[in-house]
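Only one structure is covered here, and it is reproduced in the block below.
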Amino acid sequence: MTATANPIFGNMPTTVFEVMSRLAREHGAINLGQGFPDGTGPRDVLEAAANAAIDGWNQYPPMLGLPELRQAVAAHDRRFYGLEVDWQSEVMVTSGATEALASALLGLITPGDEVVLFQPLYDAYVPMVRRAGGVPRFVTLAPPDWRLTAEALQAAISPKTRVFLFNNPLNPAAKMFSAEELALIAEAARAADAVVICDEVYEHLVFDGNAHIPLITLPGMRDRCLKIGSAGKTFSLTGWKVGYVTAAPALLAPVSKAHQFLVFTTPPNLQSAVAYGLGKDGAYFADLIAEMQAKRDRFADGLARIGFDVLPCGGTYFVNIDVRSIGFAGDDVAFCRHITEDAGVAAIPVSAFYHEDALSTVARFCFAKADTVLDGALERLAAHFG
Ligand code: PMP
Ligand code: GLN
């Protein structure tokens with residue numbers, strides 16, 4: 001029998017996260033590649049999930065999500081961003097931000113539509129855009145500040161542009177877009193009459209006293225943006241795969257039509273626990289930032305002491321280095337393979353996040369790990385390169 005495969009997925013290599021995690025296991029390396037925290041997550045949120053599983057409803061919940069979670073998302077949007085949201089017509093729960101992205105792309109793209117993407121980008125974006133029939137158009141950002149210019153943005157826009165897919169704070173660049181850059185995107189989206197899918201999974205991982213500004217809060221953007229969040233990131237429970245979308249009813253409706261045939265729903269006990277979690281007091285959210293910021297500083301300072309040029313990190317779980325800074329002759333892929341095999345520390349090559357004109361000199365480390373793990377990784381790198 002001839003094997004059948006869709007060419008978009010069939011011709012793709014395995015995702016870099018799986019490849020590097022596997023290599024890390026084979027070599028007993030400390031895995032700072034794939035982005036996930038190594039803690040247990042907040043105990044009370046875990047208990048809420050356990051209690052809801054034992055005492056609660058374990059059959060299909062409503063397609064758009066449990067009312068308690070949709071209300072909690074609306075309350076969260078009001079509390080953190082001053083956004084007034086009708087939970088019944090403007091909030092949908094998804095199986096992770098990944099499913100929210102897939103439903104948004106499938107629900108909004110008509111084959112042939114052009115989609116503006118900002119690279120470096122999360123590796124799931126391009127295959128999902130293509131599978132939905134969209135034609136990717138890239139805006140390339142470059143270190144050290146990954147600055148967005150009006151010229152670069154305009155060059156990616158055409159009369160066929162229908163959607164922008166925008167991640168802020170940006171994985172893997174660890175960049176928070178400035179107010180000026182957000183205004184540029186908003187103006188361009190309005191001028192092109194495009195919808196902006198806003199991947200804001202790292203909204204609660206922003207450092208140095210800065211506040212995350214959702215694009216949906218900018219003038220004229222309320223009816224043009226879908227705001228996507230993830231409990232995986234906000235509660236350091238990446239295996240949970242609970243996401244949420246906030247959008248005006250006319251935008252959310254077609255997205256919910258895709259969602260109904262992709263997953264229909266998301267485990268109810270996890271939804272219930274996330275509803276509880278989103279209602280936690282300000283101290284929870286402040287402590288998460290303080291803890292992650294301290295880890296960023298610990299790890300970035302350690303890398304700098306070894307002699308690496310460390311790029312600025314304003315948010316996310318990630319810190320980047322220039323692989324040339326310690327005189328490494330190869331590219332980022334060779335560097336990440338080398339340190340995994342020979343130094344015992346795994347990282348992710350940032351070229352994997354580009355689709356055109358890949359930057360090949362930057363490696364990404366995840367610092368959302370126990371201090372002992374970070375110190376252990378720094379010791380290994382220092383011993384190897386010192
Ligand atoms: N978008 C970005 C930018 C991410 O880094 C991740 C992390 N895995 C996701 C989406 C997916 O989030 P989730 O695990 O909630 O599907
Ligand atoms: N978002 C995570 C990262 O950037 C990985 C998610 C995954 O493994 N699919 O590392």
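Each value in this text was obtained by applying a stated rule to the coordinates, not by laboratory testing. From a predicted model like this one, the values you see are computed outputs, not experimental measurements. Counting neighbours? That spans all protein chains shown, and the Cβs are built from the backbone with ideal geometry, glycine included.
Let me check I have the definition right: for the range 1-143, take the eigenvalues of the Cα gyration tensor, multiply each by 5, take square roots. What are those semi-axes in whole Å, largest first? Walk me through the numbers before you get to the answer.
Numbers: eigenvalues 194, 125, 70 Å².
Result for the range 1-143: semi-axes of 31, 25, 19 Å.
Work out how far the C-alpha atoms of the range 207-311 reach from end to end along every principal axis, then list the three figures in whole Å, largest first.
52, 36, 28
Between rounded, prolate and oblate, where does the range 262-331 land on the alpha carbon gyration tensor, with a ≥ b ≥ c its root eigenvalues, rounded for a/c under 1.5, else prolate if a/b exceeds b/c?
Oblate is the answer for the range 262-331, as a/c is 1.5 or above yet b/c matches or exceeds a/b.
Can you list the aspartates and glutamates whose alpha carbon is less than 14 Å from that of residue 241, not counting same-chain residues fewer than 8 positions off?
99
Give the aspartates and glutamates whose C-alpha is closer than 12 Å to that of residue 160, dropping any in the same chain fewer than 8 places away, or say none.
113, 114, 193
As a test of the formula, what do you get for the chain when each DSSP H run with n ≥ 4 contributes -39,500 (n - 2.57) and the sum is divided by the residue count, at 222 nm and rounded to the nearest 500 deg cm²/dmol?
On the way: 15 runs with 163 residues, N = 386.
Helices in the chain give a 222 nm mean residue ellipticity of -12500 deg cm²/dmol.
Using only the alpha-carbon atoms of the range 92-137, report the extent along each of the three principal axes, biggest first, to the nearest angstrom.
28, 25, 13
Alpha carbons only, please: Rg and Dmax for the chain, in angstrom.
According to the Cα coordinates of the chain, Rg and Dmax are 20.5, 60 Å.
Quick one: grab the alpha carbon gyration tensor of the range 122-264, order the square roots of its eigenvalues as a ≥ b ≥ c, and give me rounded if a/c is under 1.5, else prolate or oblate depending on whether a/b is larger than b/c.
rounded
What whole-number volume per residue, in cubic angstrom, does the convex hull of the C-alpha atoms of the range 144-199 give?
79
Give me D for the range 255-386 in µm² s⁻¹, whole number, from Stokes-Einstein with Rh from the Kirkwood sum over alpha-carbon pairs, 4 °C and 1.567 mPa s.
Here the translational diffusion coefficient equals 75 µm²/s.
For labels at residue 50 and residue 342 in the simple 7 Å Cα→Cβ model, what's the distance in nm?
4.6
Suppose every K and R has +1 on its Cβ and every D and E has -1 on its Cβ; what is the size of the dipole of the chain about the Cα centre, in Debye to the nearest 20?
600
Among 28, 277, 302, which one shows the highest mean-square fluctuation when the chain is modelled as a Gaussian network with alpha-carbon springs under 10 Å?
28
So for the chain, taking the charge dipole from beta-carbon charges (+1 Lys/Arg, -1 Asp/Glu), which of 65, 346, 97 sits furthest toward the positive end?
65
Say a paramagnetic label sat at a point 7 Å from the Cα of residue 211, along Cα to Cβ; which residues of the range 274-298 have their backbone N under 17 Å from it?
282-283, 285-287, 289
Hey, which aspartates and glutamates would be in cross-link range of residue 280, C-alpha to C-alpha under 12 Å, not counting anything within fewer than 8 residues on its own chain?
Counting by Cα, and skipping residues close in sequence, residue 280 has these aspartates and glutamates nearby: 44.
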